[in-house]
Amino acid sequence: MTQEEFDILQKRCAGLITQEEVDSVIKWKKSKVEIEDLLDNCLAQGNPDNDFEVYFWNTPSDLSRIEDEELNRKYLLVEGHFEHENIASGFQTYFNNSPENVNILIQAIENVPKHLEPDDFKYPYIRKCIYAIGAQPEPENFKGLNLLTESDDIQIKELAFHQIEKRKKRGYWEKEK
């Protein structure tokens, strides 16, 4: 990727240009392996100038939905970038059809990234992960939320109970006895 192409992707990331403008200049698309290489190299270099965000969200690709989901799973659990909250939100709205995501999201809750460890950041992030668990297929979502109700962390326990109650009121499923 040239510096000019990277600059265009930065502008897209900042919302300064449209995707059509990107497509008119950048004619290539990266594969999953190529995107992983870009992201891993970025992280190895300490994420200079938050390049990870640019590469993760804006690199033109030919990814299938499954490959995109795999990348999101991987980087939700990797330190060194600041996109964890946005990735977690994606599991609620976009990647919400796979039982495998429940375990990934539980791992994310158990391994909060260092930059999100202060309580002001930690619990909003955990809330997003818990909402994303609730959005996954039944009965795995229920099992995951039920597991979180056994947490030693009172706020995690309360957030999980709240999600269970909310889903029960909407008639999604009943708590197992």
Residues of region 97-111 that turn out to be of a type in the set (A, V, I, L, M, F, W, C) and open to solvent by 50 Å² or more (accessible area, probe 1.4 Å), as a count
0
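Can you tell me which residue is nearest to residue 161 (Cα to Cα) among those in region 74-93 that are aromatic (Phe, Trp, Tyr) and either more than 14 Å from the chain's Cα centre (by Cα) or surrounded by 14 or more Cβ atoms within 10 Å (Cβ to Cβ) (or both)?
91
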Condition first: within 18 Å of the chain's Cα centre (by Cα) and under 15 Å from residue 100 (Cβ atoms). Now tell me which residues in region 124-150 satisfy that.
129, 132, 133, 135, 136, 137, 141, 144
First in region 1-26 and in contact (Cβ under 8 Å) with a residue 24 or more places away in the chain, second anywhere and among the basic types (Lys, Arg), Cβ under 7 Å, 6 or more apart:
22/12
Among the residues of region 144-160, how many are assigned to a helix (DSSP H, G or I) and buried (at least 16 other Cβ atoms within 10 Å of the Cβ)?
6
Mind checking which residues of region 112-137 are at pLDDT below 95, open to solvent by less than 40 Å² (accessible area, probe 1.4 Å) and part of a helix (DSSP H, G or I)?
116, 123, 134, 135
Criterion first (hydrophobic (A, V, I, L, M, F, W, C) and either assigned to a loop (DSSP other than H, G, I, E, B) or in contact with an Asp or Glu (Cβ under 7 Å, 6 or more places away or on another chain) (or both)) does residue 91 satisfy it?
no
When you go through 91, 56 one by one, which is the residue that is out of contact with any strand residue (DSSP E or B) (no Cβ under 7 Å at 6 or more places or on another chain), farther than 26 Å from residue 8 by Cα and aromatic (Phe, Trp, Tyr)?
91
Index of the failed condition, residue 38 passing every other in (1) more than 19 Å from residue 73 (Cβ to Cβ); (2) surrounded by 15 or more Cβ atoms within 10 Å (Cβ to Cβ)
(1)
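The values are calculated or read from the model by the stated rules, or taken from the named source; none is laboratory data. A quick note: this is a predicted structure, and the numbers were derived from the prediction, not measured. We place every Cβ from the backbone using ideal geometry, glycine too, and count neighbours over all the protein chains shown. Note: accessible area is taken over every heavy atom of the protein model, side chains too, but ligands, DNA and RNA are not part of it. Shrake-Rupley method; radii C 1.70, N 1.55, O 1.52, S 1.80 Å.
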